[in-house]
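Here the structure comes first, spelled out in structure tokens, and everything after it is commentary.
What follows is calculated from the coordinates using simple rules that are stated; it is not laboratory data. All figures in this text were calculated on a predicted structure; none of them were measured in a lab. Methodologically, a virtual Cβ is constructed for each residue, glycine included, from the backbone with ideal geometry; neighbour enumeration extends over all protein chains shown.
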Amino acid sequence: MKSITTLTLAITSFLIYLNVDTSETREVGSFDGIEISGNFEVELYKGQEGQIELTGAADQLENIITEVENNQLKIRVKKGRYLKWWKLSKVYIKIPVEEINSCGFSGSGLIKSRDLLSAEFLNLNLSGSAKAYYKIQTDKLNSSISGSGMIQLTGSAKQSSLNVSGSGSINAKALSTLQTSAQISGSGRITVLSSEELDASISGSGRIRYSGNPQRISSKVSGSGEISTF
């Protein structure tokens, strides 16, 4: 009997140590934009808005707030709480979207769009060391990084405004644009594809690389930065 009890305790302890994942579905309603703060791995996909799915250790999930305020889906950790970095279990979040105009991510996680994000205008912003991978189709794009994060953009945009503050990078060499404005403050990197017009400026040691043979180019460098073709 003692052996069985000992074995049961050992198995229980082992499962707790492994942080066996659990999944839960949360009702959130519809939204026009997304604001995320935390160390999550997020996937956006085409689907009906209203429910999102979270996967991770139960004690991690209970500390995560998901709510819609002013048509913005907000996902964050409860005030005064944090996600334990030493946990084996990560927190994964799947979000169905119909059409959104903005997505902001603050933290050190990852966000990607499985399907094309299509809208008349899009604001895609990153703060911290997170990584973002977006497939988009839009008339007007505004995308910015503050920190050391990375944004990769594919698809098309008639007009794009790209801004990096810090050491982050925006890789938009597979984003077909007509007109692009690219600005760097710091040591960041921006790569763009523009066929008509490029307005590029650098303050610091950053680097802007471009292709597409734009008809009109305006460039300004303050510091040791570089603007060149690739």
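A few points about this structure:
- Fluctuation leader among 211, 146, 102 - the chain, Gaussian network, Cα springs under 10 angstrom: 211
- Residue exposure sequence - 134, 45 - by fewest surrounding Cβ within 10 Å: 45, 134
- Most fluctuating residue given options 215, 152, 51, as computed from a GNM of the chain linking Cα atoms under 10 Å: 215
- Candidates 202, 93, 65: whichever shows maximal mean-square fluctuation once the chain is modelled as a Gaussian network with Cα springs under 10 Å: 65
- The alpha-carbon of residue 78 sits under 25 angstrom from the alpha-carbons of these lysines, leaving out residues fewer than 8 places away in its chain: 87, 90, 94, 112, 131.
- Förster radius 35 Å - calculated FRET efficiency between residue 99 and residue 229 (Cβ-Cβ, nearest 0.05): 0.50
- Principal-axis tilt of helix 2-18 within the chain, Cα atoms, nearest 10 degrees: 10
- Förster radius 22 Å - calculated FRET efficiency between residue 70 and residue 112 (Cβ-Cβ, nearest 0.05): 0.30
- Cα gyration tensor shape of region 116-230, rounded if a/c is under 1.5, else prolate or oblate by comparing a/b with b/c: oblate
- Bridge orientation summary for the chain: considering DSSP beta bridges with both residues in this region, about 15 percent are antiparallel.
- For region 116-230, relative contact order (Cα pairs under 8 Å, six or more residues apart, normalised by length) works out to 17 percent.
- Label sites at residue 205 and residue 139, each approximated as a point 7 angstrom past Cα along Cα to Cβ, lie 4.2 nm apart.
- Measuring how big region 17-114 is from its alpha-carbon positions, Rg and Dmax come out at 12.8, 41 Å.
- Dipole magnitude for region 165-230: computed about the Cα centre from +1 point charges on Lys and Arg Cβ and -1 point charges on Asp and Glu Cβ, it is near 160 debye.
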